[in-house]
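Below is one structure, written out as structure tokens; the observations come after it.
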Amino acid sequence: MGAARLLRWQWSGYPRFHCGRANLLVHGVAVPVFLAGNIVLVLALPRGAVVPAALGLAAMAVSLAVQGRGHATEATPVEPFTGAANAVARILLEQWITFPRFVLTGGWLRALRASAR
């Protein structure tokens, strides 16, 4: 599945998998941590900066682990990965495009408000 198709697929189901208050709050903190860690990793690798690269990778791993725990609280479980390439593509697209889009279009706030009812 190409990136454009994967993004459409991801976006079409996103609100179903992100409607619980705990998961929404977890994502609100964990996604920026993932993004920061990803940036640090990408900047550190070409410089051979091992410690910053390791810290960036650790931030990404912790962020994903916490998001996984958040997803475990949802009534609708996420679709399983179909392989390693699918996992990497889905994770990067969600972190960099789909979740920020969810926030910027107001979906995150609407879901958070709805979860309080």
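One residue stands out among those in the stretch 14-28 that are in a helix (DSSP H, G or I) and more than 14 Å from the chain's Cα centre (by Cα): the one that is nearest to G68 (Cα to Cα), which is A22.
Among the residues here, T73 qualifies as in contact (Cβ under 8 Å) with a residue 40 or more places away in the chain and among the hydroxyl-bearing types (S, T, Y).
Those residues that are closer than 18 Å to F81 by Cβ and surrounded by fewer than 19 Cβ atoms within 10 Å (Cβ to Cβ), I need them from the stretch 15-60; list them, please. Residues satisfying the conditions are R16, F17.
Looking at V50, V31, V88, can you tell me which residue is among the aliphatic types (A, V, I, L, M), modelled with pLDDT of 95 or more, more than 29 Å from S115 (Cβ to Cβ) and within 15 Å of the chain's Cα centre (by Cα)?
On the way: V50 fails: within 15 Å of the chain's Cα centre (by Cα); V31 fails: more than 29 Å from S115 (Cβ to Cβ).
Residue meeting the stated conditions: V88.
The values are calculated or read from the model by the stated rules, or taken from the named source; none is laboratory data. For clarity, every value in this text was computed on a predicted model and none was experimentally measured. Here the Cβ is made from the backbone with ideal geometry for all residues, glycine too, and neighbour counts use every protein chain on show.
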